[in-house]
Amino acid sequence: MIDIVFDDYGGHRMNLDVDCLRSFLVVADTMSFSRAAENVGRSQSTVSQQIAKLETQVGKDLLTRRKGRVIELTSDGDKLLQYARKILQLNDEAYASMSDDLLTGFVRLGVPLDFFGRDFTTWLARFKNKHPMVGLEVEANQSENLLKRNARGEFDLAFFKQEMGAKNGTVTLREQLVWVIGPHYTPNAQESLPLILFPEGCAYRRCAVAALQEQKRPWHLSFVSPSFECLKSAAVEGMGITVLARALVASPLRVVRHGLPLPELPAVELVYSYGRRSNSRVVGELANYLADRLINFGQARA
């Protein structure tokens, strides 16, 4: 149903549905109806209906679709997206300001380097839109460093990877590690394996090296960087082979399934832990929110 409100001058104006705008914003950010549905907690068909309702209201196509998949926003979709962000931000700020239970505080958050291969910044932006009075200081680092520094109280909340059953924090999900190559890498079973890895202290690196050493497979470092995007680019350009959680592998990267006699890799646990002096409600809210997003992300990529 389209909401039409008559003004004092006999004219009328149309009210855009806030829930529909929220779903549209998530579809625009993810370019996927299924992932948007998981983020907003609705069925895929409901999200599709919400977008159709918006298109009916504005009388324009907002998305370019092909075989049911979102390809891109139309020019009108781009225009509405800018207003949607402003409308939702004001809506959420207004609601928060009227609440007697306003969430406030500052959180020092530590996360693994590969979080930026997920929708991490989008998740944080949505949390901030919902809780505008919460401040965030975010640092990405190797899991080993995050664990040690969190124990010293340098973070209020830290997510990190650990070996299965290590019991260093609350388990959010378990992720299977896989060998990954790009389209320009040609496997050679006889040569020393060129590895693309995060710096020392990374759980992925530790598992990869341990597996190769156990198999007595020759290897050497080809490219090392703390940046997920840099590692991804190095793999895409054929500089070697890398190790990632299966959920992080997306085209043009691919999982190595045959062609190289590589050892099997273990699964790791993604956990979170509060800092020594952290017991505030805002830290708990953020931990639960990010844990939910991580679970949904993993299920969508399974």
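Remark on VAL256: its backbone amide H falls under 5 Å from those of TRP179, VAL180, ILE181, a criterion applied only to residues 5 or more positions apart or on other chains, H modelled at 1.01 Å from N. Approximating the spin labels as points 7 Å out from Cα along Cα→Cβ, the ALA125-to-ASP292 distance works out to 2.0 nm.
Amide H contacts of LEU63: THR74, each under 5 Å away and 5 or more positions distant or on a separate chain (H built 1.01 Å from N in the peptide plane; Pro and chain starts excluded).
Positive end of the dipole of the chain (Cβ unit charges, origin at the Cα centre): among ALA52, TYR95, THR121, the Cα lying farthest that way belongs to THR121. Using a probe of 1.4 angstrom and keeping all protein chains present, the accessible surface of the stretch 182-283 works out to 50 square angstrom per residue. Residues whose amide H falls under 5 Å from that of LEU193, counting only those 5 or more places apart or on a different chain, are TRP219, HIS220, with hydrogens built in the peptide plane. The string of couplings for the stretch 55-65 from the Karplus curve (6.51, -1.76, 1.60, θ = phi - 60°) is 5, 5, 4, 8, x, 9, 6, 9, 10, 9, 10 Hz, one whole number per residue in order, with x for Gly and Pro. With the gyration tensor restricted to C-alpha atoms of the chain, the semi-axes of the equivalent ellipsoid amount to 41, 26, 14 Å, longest first. Extending 7 Å from Cα along the Cβ direction at SER225 and again at ALA189 yields two label points whose distance is 3.2 nm.
Value of Rg to Rh for the stretch 223-302, rounded to two decimals, is 1.07; Kirkwood radius and Rg both from alpha-carbon coordinates.
Keeping the other protein chains in place, figure out the carbon and sulfur percent of the accessible area of the stretch 95-145, with a 1.4 Å probe.
Taking all protein chains in place, the stretch 95-145 shows 51 percent carbon and sulfur surface.
Counting only lysines at least 8 places from LYS167 when in the same chain, those with an alpha carbon closer than 29 Å to its own are LYS148.
At most 13 other Cβ atoms within 10 Å and a DSSP loop assignment: could you name the chymotrypsin sites (Phe, Trp or Tyr not before Pro) in the stretch 145-183 that fit? Sparse-neighbourhood loop chymotrypsin sites (Phe, Trp or Tyr not before Pro): none present. Take the convex hull of the alpha carbons in the stretch 113-198; its mean projected area over all directions comes to 8.5 nm².
For the chain, the relative contact order works out to 19 percent when only alpha carbon pairs closer than 8 Å and six or more residues apart are counted.
Under the convention that each Lys and Arg Cβ holds +1 and each Asp and Glu Cβ holds -1, the size of the dipole of the stretch 94-173 around its Cα centre is about 100 debye.
Computed from phi, the 3J(HN,Hα) profile of the stretch 42-50 under the Karplus parametrisation 6.51, -1.76, 1.60 (θ = phi - 60°) reads 10, 6, 4, 5, 5, 4, 4, 5, 5 Hz, with x in place of Gly and Pro.
Beta bridges from DSSP with both residues in the chain: antiparallel share about 60 percent, rounded to the nearest 5.
Taking the chain as a Gaussian network of alpha-carbon nodes connected by springs under 10 Å, the highest mean-square fluctuation of the residues ALA36, ALA235, ALA189 belongs to ALA189.
Setting aside same-chain residues fewer than 8 positions from LYS60, which lysines have a Cα under 18 Å from its Cα? Candidates past the 8-residue exclusion: LYS79. The angle between the Cα long axis of helix 281-301 and the longest principal axis of the Cα atoms of the chain comes to about 70 degrees, rounded to the nearest 10. Within the stretch 209-300, the trypsin sites (Lys or Arg not before Pro) that combine a DSSP coil assignment with at most 13 other C-beta atoms in a 10 angstrom radius are LYS216, ARG257, ARG276, ARG277.
When only alpha carbons of the stretch 89-155 are considered, Rg and Dmax amount to 14.4, 42 Å. Computed over the stretch 153-302, the Cα gyration tensor eigenvalues convert (square root of 5λ each) into semi-axes of 31, 16, 14 Å, ordered from largest to smallest.
Angle of helix 75-98 to the longest C-alpha principal axis of the chain, folded into 0 to 90 degrees and rounded to 10: 80°.
Taking the C-alpha atoms only, the angle from helix 18-30 to the longest principal axis of the chain is near 30 degrees. Placing +1 on the Cβ of every Lys and Arg and -1 on the Cβ of every Asp and Glu, with no other charges, gives the chain a dipole of roughly 780 debye about its Cα centre. Name the aspartates and glutamates eligible as straight-distance cross-link partners of LYS161: C-alpha to C-alpha under 13 Å, and not fewer than 8 places from it in the same chain. Within reach: ASP114, GLU144, GLU175, GLU269.
The values are calculated or read from the model by the stated rules, or taken from the named source; none is laboratory data. On a predicted model such as this, the values are computed, not experimentally measured, just so you know. Methodologically, a virtual Cβ is constructed for each residue, glycine included, from the backbone with ideal geometry; neighbour enumeration extends over all protein chains shown. Quick note on the areas: whole protein, heavy atoms, side chains included, nothing else; ligands and nucleic acids left out. Shrake-Rupley method; radii C 1.70, N 1.55, O 1.52, S 1.80 Å.
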